[in-house]
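K.L.:
Following this message is one structure expressed as C-alpha cells.
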Amino acid sequence: MNSDPHGRCPAPGCCNPLPGRFSAFCAEHYFAVDLKTARFVIRMKIERARAKSDAVREHCDYQIAGYVQQALKTMKQPREGQSAE
Ligand SMILES: [Zn+2]
C-alpha cells in the first residue's frame, strides 16, 4: 500500500496526494497559500533529503512543520456565497 509516494497535502480537509517528492502542498493549495512560505517548505524538504544525519533531518522536519503551519495561516478562503451588493 503506497498510493501516495510523496505523502498527502497538509492542508486541513485536503486529501490530495503531493505531486512531487519536494512538494509542499497539492497543486490547488500551493497557489492558495503564501508562495514565499510554500517555497521555504520545498527548500527544507530538499535540505532534508540532502541531510547526512538524523539530527539534521529532525531539525528539517521541525522547520517543515513550522513553515507548513505558517503557510496554512495565509491560505485564502475559497470564495463562496459572497455578499454582493
Ligand atoms: Zn491540498
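Every residue, every condition in (1) basic (Lys, Arg); (2) modelled with pLDDT under 95, yes or no:
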site	(1), (2)
Met1	no, yes
Pro5	no, yes
Pro12	no, yes
Leu18	no, no
Thr37	no, no
Phe40	no, no
Arg43	yes, no
Arg48	yes, no
Lys52	yes, no
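K.L.:
Here's something else I'd like to know. Pairs only if they're at least six apart or on different chains, beta carbon under 7 angstrom, first in the range 20-49 and in contact (Cβ under 8 Å) with a residue 40 or more places away in the chain, second in a helix (DSSP H, G or I) and not hydrophobic (A, V, I, L, M, F, W, C); list them, first residue then second.
P.N.:
Filtered contacts from the range 20-49: Ala24/Tyr30.
K.L.:
Moving to a separate point now. Taking the range 47-57, which residues are among the aliphatic types (A, V, I, L, M) and surrounded by 13 or more Cβ atoms within 10 Å (Cβ to Cβ)? Spell out how you get there, then give the answer.
P.N.:
Quick first cut of the range 47-57, residues among the aliphatic types (A, V, I, L, M) only: 49, 51, 55-56.
Ala51, Val56 - these are the residues of the range 47-57 that are among the aliphatic types (A, V, I, L, M) and surrounded by 13 or more Cβ atoms within 10 Å (Cβ to Cβ).
K.L.:
Within the range 20-30, track down each residue that is over 15 Å from Tyr67 (Cβ atoms) and more than 10 Å from the ligand (Cβ to nearest atom).
P.N.:
Within the range 20-30, the subset over 15 Å from Tyr67 (Cβ atoms) is 20-21, 26-28.
Once the filter is applied, which keeps residues that are over 15 Å from Tyr67 (Cβ atoms) and more than 10 Å from the ligand (Cβ to nearest atom), the range 20-30 yields Gly20, Arg21.
Each row is one residue, and each column tells you yes or no for (1) in a helix (DSSP H, G or I); (2) within 18 Å of Asp4 (Cα to Cα).
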site	(1), (2)
Phe25	no, yes
Glu28	yes, yes
Val41	yes, no
Arg48	yes, no
Val56	yes, no
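The values are calculated or read from the model by the stated rules, or taken from the named source; none is laboratory data. Remember, predicted model here, so these are calculated numbers, not experimental data. In this analysis, Cβ positions are derived from the backbone assuming ideal geometry, glycine residues included, and neighbour counts consider all displayed protein chains.
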